[in-house]
Each structure stands twice: as C-alpha cells, then as structure tokens.
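Taken together, the values in this text are just the output of simple stated rules run on the coordinates, not laboratory data. Because the structure is predicted, anything quoted here is derived from the model rather than measured. Note that each Cβ is placed from the backbone with ideal geometry, even for glycine, and that neighbours are counted across all protein chains shown.
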Amino acid sequence: MEKPKRAGSRRASITLRDVAQDAGVSITTVSRILNNREGGVPIREDTRQRVLAAASQLGYKPNLLARGLRGSPSSLLGVIARDMSDPFHIQILQGINQAIQARDYRLFLGHVDYRAEVAIAYASMFERSHADGIIVIGDIEGAEPALDILAEQHQFIVGITDRTDRRQFPGVYADSTVGTQLAMDHLWDLGHRSIICVSDSRTSDGRLRIDCYERYMHEHGAGHHIRVFITDQETAPAFELGQRIFARFRQGDLATAIYATSDTAAIGLIQAAFQAGIPIPDQLSIIGYDDIDLVRYTVPPLTTISQTGVEMGRIAAELLLDMTQRDLNRDDVDDIVLKPTLIVRQSTAHPPKAQPEDLSG
Amino acid sequence: MPARLRDVAEAAGVSITTVSRILNGRESGVPIREQTRSRVLAAAAELKYRPNLLARGLRGSSSSLLGVIARDISDPFHIQILKGINETVQGRDYRLFLGNADYRPEIAVAYGSMFERSHADGIIVIGDLQGGDAALDQLGQQHRYLIGVTDRTQRRQVPGVYGDSLRGTHLAMEHLWDLGHRSIICVSDNRTDDGRLRATVYEKFMRDHDAPDSAIKSYTTDQEPEPAYQLGRRMFGEFALSPTPPTAIYATSDTTAIGLLRAAFEAGVAVPRQLSIIGFDDIDLAPFTIPPLSTVSQTGIEMGRTAAQMLLDMIDHERDRDDVQDIVIDPELVVRRSTAPPPV
C-alpha cells in the first residue's frame, strides 16, 4: 500500500540530522557533542564550534535541554487518552506504564472524553511542559484537524488505534478487518446465519467493524440477515439496547448470534439476556471484542477477540522512546500492525436446532 | 512553603483586597497610592509570593492545572473518582494531569515534584498507600493546596473527602445478618488501609453479635478479580467438604466479589440460593454481573466531584489546610440480586 502523504511530514522541529547536514559532520558526532557524550576519539575544537553554531542557528532543542527547562532529570511522556474509563484503554495504559517504568520516564495523562478540542489543549500543555514525546490513544470523531495540529507541533508522537491505514504520525495498530473476520468465521462455523451486529458509530473502529460485518454477510450470501444496532459502547446503554432487541425477539424477530464490537457492550447485552430469561449460549451466542480484564469473569465467560491492549501499549511506548533517543524522523518509522486473536470461552455455541449437516462444513 | 496574599498583606500592613488589586493587576476603582504599591511589591518579593497568575505565566498557559496522583488507575472505583474530578474541573477551565502511583509511595512523591515544577495549582491524591504516610507528609510540605480522597475516617496531614468504611461495613453486615445469615466470612485486601479497616470492623461486628469463633473467618487476597477468583476456587473446594459451609461472603471490594462470583459459578454454587455475596464500592459494572451485585455504594463520582470542589475553593480563597473541614461521604446499601436468605 502506498503511504499517504501526511500533514505532519512538514517537520515539527529540528533534528540531529539537520544539524549534522548543516555542519557537514556525522550524526554521531553531533550527538556526542550536543549530548555531552564525548568519550572515545577526541573531537576537534573547530568541529565542536561549527556544530554548536549550527545547532544554535537552526534552533535545535535537544531532549536534555528540555529536561533542564523542566528542572527534572526524569523524562516526560504525555498521553492523550480518548476515554480513561474504557477498560481497553486502561490495558494500553498499563502496557505503556510497564515499558517506561524501567527507564526513568514519567507519564502525564490527559483525559479527552471524546472531545477533539480538549486533545489540542492537552497537546499545547505538553509542549509547554517540554514533554519528550506524546502518545495518542484512540480515534476521536472529527479529530483529524486536531491531530494535524498535534503533528505539526510535536516531532515525537505515536498513535494507538485499530486503524490499518497510516495517519499523520506513526502508530501501533490493531487490525479490525482481521478481528471482525475472526469473530464472524467463528460464529459462521458454529452454524449461525442470523447474526446481528451491535456497535458504536462514534469511533472509527466501531464504524470499520460494522463495514466488515456487512461485507462478510454479503459475501456469504446472508445479506438479508444484516441488522446493525448502534449504541454507545459503555455497558449501561448497551444493556438498554439489549432490552429493546430482546423485546423484538419475543415478537418472533429472532437472531441466533450477536457480534458486539466491544466487550463493554457485550457485558450489557449478556445482562439484558439474563434478565429476559434468554440462556447464553444455549439460545443465543454473544461474541465481544477487546478481551478486557473483566470478561474472563462474566457468567458465562465471554468469547471475544483479543487486541492485546497491554502489548499495544508497551510496543507504542518503546517505539516512541526509540524515536526520541535516536532522534528518528517520523517518516522513517514504520507502523506496527498487531494481529488480533480469537479467544473462545463459553458465551458462544451452536445455534439452537442447528442441523448437524450444516456444521460438517 | 509559598506565601499567600494574606502573608503579603500582613507584612505590608494593608488589606488582602489591596494586595490582590495590586498583584493581580486589577486596579480599577479607588486609586492606590504609589508608596502603598511599593511597600506591597517589596513585601511580595521578600516573601517570594507567587500568585497563580504568575504560575500560569511561567507555565505559558491561561488554563489552570491540577495534578492528580492515583494509587491505581485501573481500579474501577478510582476511575469513578477521576470521572467526578473531571466533571467538576471541566466547567472551570482547569486541566488535569494524572500520575499513576501503582501502589508505590516513592512514585507518588516523584509525581508531586513534577507537579510542583509544572506549577500545578493544586494536587489531589486518590487512595491510601501502604507505608505512604511519610510520602504524604512530604507532599504536604511541598504543596499548599493538597486534598486526599480515601476512605479513612481519621484526619491526616491533609484535608480530604473520605468514605466511611466503618459505616459501610455495618450496612453490609446488617443486611446479611437481617437476612438470617450467621456464618459469614470476609474476603479483603490487606495491602490497603481500607481493606484492613473493613476486615477489623467485620470481626468486631461478628463478636458484638455473639457469633462463635468458628463462624468468624477472614481471607485476604489482592483485590483484583484474578487473585480473588483463584482464592474462590480454593475456598469453594474446601466448602464442598464442609458439613456447615458459610452461607454468606462480605467481599470488601466489588472487583473481589466479581472474581468470587465466577469461582462460585464454576464450582456449581448457586448465588444467592446457596450463597450470598455482597461487595463494596458499587463500581460501574456492579449492576451487570450475574446475578447483579448487592454492594455498598461509596458514590465515587460524588467523592471526586466534592474533592475537586474543595480544592478549587482552597485555591480561590487561599484557604489554609487547617481551616478546611474534612468531608465524609455517607455510604449507602444497594440491594441487588446476589444476596438472599440462607438455605434452610
């Protein structure tokens, strides 16, 4: 796939490489001089002067300087989170935390609460606090302009979402196309044909998973079974939606399986089924998405798609630290795409009255 | 510790209002004499007075900044508190910076120093830390505007918003007792003050109600669902062999109760027909467990809102810590479907 041109490829700040080019020396030499690591071969005084002059003329601002401005020997990473009460994002935060703890970095966390303008406000504060780098967790509807501004202000910025296409800055991505395929294959192989989708259209992941679900159903000749219900992905609204869906079940409008595009929504649906007296998985299968910590403890334990949130957080933090320490230009950094996996627990089974020959495949 | 407007006013021998008008650049109305202005500026310089507006200037931002140090950002009860804080500050052009202490006092102190260097206007500390009193002392020395949100009832170095574990435990135990339970065990986390306090109150309740020693039993576990689930598997294995297994469990956090519910489900123990389970906290997921969890609500959102309001008031009115009253939030019993009378 061709890399789309990113707004942020206009460089946000001067790198070691720029200083090296300007002074006509290697990046290593510049790094040794500016970072005060002058062991080994001595550096000639006129070289040093040339590098310092170039750095000053270009307005180079090394991380060490940033630390000095901040008055702290620790390094600082800013994290902008779409919703810090989202259990999947909490897994990501735990992963980031694990990666930085060994390395004398500290985190500052800003909670965006789905509002693009708040993300910009945090980004400006991180800039003024001389943050070494920024991690943005989650897509936000209408936030593309905000991300463009972020990308212009910060050289070291990494995103964590489940998009597969590259954005203004490099990122760690989970693959919603593969994840949806895994979930749908699992239900289809169990014999389900009447599968409904419950999703949140505020997020690009939610919308992408709906598209993948619809395409899957069409490709398998089950287009007439397509039904999409939209809800906020939190448990309470999903529970209320579940009550409405199961009321329709009583009027004969049945389905045998639900693909819920987040675990928090699946938990609400399971509760609604429990209260409506619909046994899971005997009468209805439910599969979730994310594999948040709590779904091993639902009754029954939830079948779901694991995005390995902790792993995503750890990898993103390591990518960002690598960029800051080696002064990498973001165009030189490749995206990292993680493959989701299917976790089969006890909330999915064959549909009721399924014919054995349907299942032999 | 930084000086306040009041200190400058005393040193210069003028009113706080006058100092505020001069230092905050609001000199409309009655003109201020030049010598008064000079005296105030000299006093402010000598006392190293640093108004919030100056802090904002240093920070290069017109918004104000609150630092939050949380014991564990993945604790659902603490997430409720964070949401409450967020709600309050959003209307007031304040921004939050959050540090995760991960149960370690030295990290809490490190965040405190960073907040200081970032010229934070105030700090909220969520949750007790084991061995964390020294850390809190240190934070208290560095920061004038510091608030704690925990569930202690005794006053500490800093004013705070407290849940009431004593009252909450009584509510849970009375509920079980009134249903007819006499053999009640307690499952708690002894890493935290709240966990230890609740276990102590449980034992006292049982003794006060003349329960025999054999009926009083406390188990400890980390409060997360996985260790609680593992403990539950062992417990229910033992109970299966017992002629008189306990009929109820008081779990001192909802996350623990969730792990126990799963273990009961796997062991074929019917909740609440054979065994009642009550939790503590009323986290967002408590209404959605199967069966929905009876619990004691600490109204985390309310605690967070109240704490933020209290801190903003202190900052706005430059109030001393000693002049601020603790606020204790009354817990409430929330009866759902995980508790019932014991089997006959």
Fill in the blank from the handout: The farthest towards the positive end of the charge dipole of the protein assembly as shown, of the residues B:GLN325, B:THR244, B:THR150, given +1 on Cβ of Lys and Arg and -1 on Cβ of Asp and Glu, is B:GLN325
Practice task
Pairs of Cα atoms under 8 Å, at least six residues apart: use those to get the relative contact order of chain B, whole percent.
Solution key: 18
Handout entry: Top of B:HIS181, B:HIS317, B:HIS78 by mean-square fluctuation, Gaussian network on chain B, Cα under 10 Å
Key = B:HIS317
Exercise for the section: Grab the DSSP H runs of the protein assembly as shown that are 4 residues or longer, score each as -39,500 (n - 2.57), total them, divide by all residues and round the 222 nm result to the nearest 500 deg cm²/dmol. Expected result: -14000 deg cm²/dmol
Fill in the blank from the handout: So for the protein assembly as shown, using the alpha carbon gyration tensor with a ≥ b ≥ c as root eigenvalues (a/c under 1.5 gives rounded; past that, a/b versus b/c decides prolate or oblate), I'd call it oblate
Handout entry: Of all DSSP beta bridges in region B:198-342, antiparallel share, percent nearest 5
Key = 40
Practice task
Among B:PRO343, B:GLY13, A:GLN91, pick out the residue whose Cα is farthest towards the positive end of the charge dipole of the protein assembly as shown, where Lys and Arg carry +1 and Asp and Glu carry -1 on C-beta, about the Cα centre.
Solution key: B:GLY13
Problem - Rounded to 5, percent antiparallel among DSSP beta bridges of chain B - result: 10
Exercise for the section: Specify whether the C-alpha gyration tensor of region B:178-267 places it in the rounded, prolate or oblate class, a ≥ b ≥ c being the square roots of the eigenvalues: rounded for a/c under 1.5, otherwise prolate if a/b is larger than b/c and oblate if not. Expected result: oblate
Exercise for the section: Using a cut-off of 9 Å between beta-carbons, work out the net charge of the residues near A:PHE88 (Lys and Arg +1, Asp and Glu -1, A:PHE88 not included). Expected result: -4
Completion exercise
The rounded separation in angstrom of the Cα centers of region A:218-270 and region A:282-361 is 19
Completion exercise
Using alpha-carbon positions, the gyration tensor of region A:166-253 gives root eigenvalues a ≥ b ≥ c; with a/c under 1.5 called rounded, otherwise prolate if a/b exceeds b/c, else oblate, the class is oblate
Practice task
In nm, give the distance between the simple-model label positions of A:ALA247 and B:ALA240, each being 7 Å from the Cα along the Cα-to-Cβ direction.
Solution key: 4.3
Exercise for the section: Rounding to the nearest 20 debye, state how big the charge dipole of the protein assembly as shown is about its Cα centre with +1 on each Lys and Arg Cβ and -1 on each Asp and Glu Cβ. Expected result: 1460
Exercise for the section: Pull up the cross-link candidates among the aspartates and glutamates for B:LYS217, meaning alpha carbon to alpha carbon under 20 Å and not fewer than 8 places away within one chain. Expected result: B:GLU174, B:ASP178, B:ASP189, B:ASP193, B:ASP194, B:GLU203, B:ASP208, B:GLU238, B:ASP254
Problem - Beta bridges per DSSP with both ends in the protein assembly as shown, % antiparallel, nearest 5 - result: 10
